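Here's the structure, in structure tokens; my notes come after.
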Amino acid sequence: MTITDQIFRKVAETSIPHFFITVEFSASGTEMPEHIESFLREKHKAILRGASGRKFIYKEGEWRLIFTFFPTDRVVDERYALKNKVQMKSER
């Protein structure tokens, strides 16, 4: 299993109620990041306290990961919809 697979598994196994979390890899490393779960829990608490953002950048070692929290109980806000990336790439 690759480190990328391990990261996907770690995110999937982290229980964050009422949110689906995606991860985008903007920079890769060679060592498994150790603090992903605590980072996700901290950001979840920030959302519950009223943080308006849903994208969070995690940096550890050479890794740079972008986590997006999608609520599971309502329609995704337009600014976080995955269709925006597809549309922007096809319009160029």
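Tallying residues that are part of a strand (DSSP E or B) and touching a Pro at 6+ places or on another chain (Cβ under 7 Å) within segment 9-30 yields 1. Here Thr68 meets the list (1) part of a helix (DSSP H, G or I); (2) at pLDDT 90 or above almost entirely, failing just condition (1).
Can you name every residue in segment 1-10 that is surrounded by fewer than 17 Cβ atoms within 10 Å (Cβ to Cβ) and not hydroxyl-bearing (Ser, Thr, Tyr)?
Met1, Ile3, Asp5, Gln6, Phe8, Arg9, Lys10
If you filter segment 14-39 down to residues that are more than 10 Å from the chain's Cα centre (by Cα) and within 21 Å of Asp73 (Cβ to Cβ), you find that the one that is most open to solvent (accessible area, probe 1.4 Å) is His18.
Filter segment 1-13 down to the residues that are among the β-branched types (Val, Ile, Thr) and under 13 Å from the mean Cα position of the chain (by Cα), then identify the one that is nearest to Val76 (Cα to Cα).
So, considering only residues that are among the β-branched types (Val, Ile, Thr) and under 13 Å from the mean Cα position of the chain (by Cα), the one nearest to Val76 (Cα to Cα) is Val11.
The values are calculated or read from the model by the stated rules, or taken from the named source; none is laboratory data. On a predicted model such as this, the values are computed, not experimentally measured, just so you know. Don't worry about glycine lacking a Cβ; one is built from the backbone with ideal geometry, like all the others, and counts go over all protein chains shown. Each accessible area value is taken on the protein alone, full model and side chains, heavy atoms only, with ligands, DNA and RNA left out. Shrake-Rupley method; radii C 1.70, N 1.55, O 1.52, S 1.80 Å.
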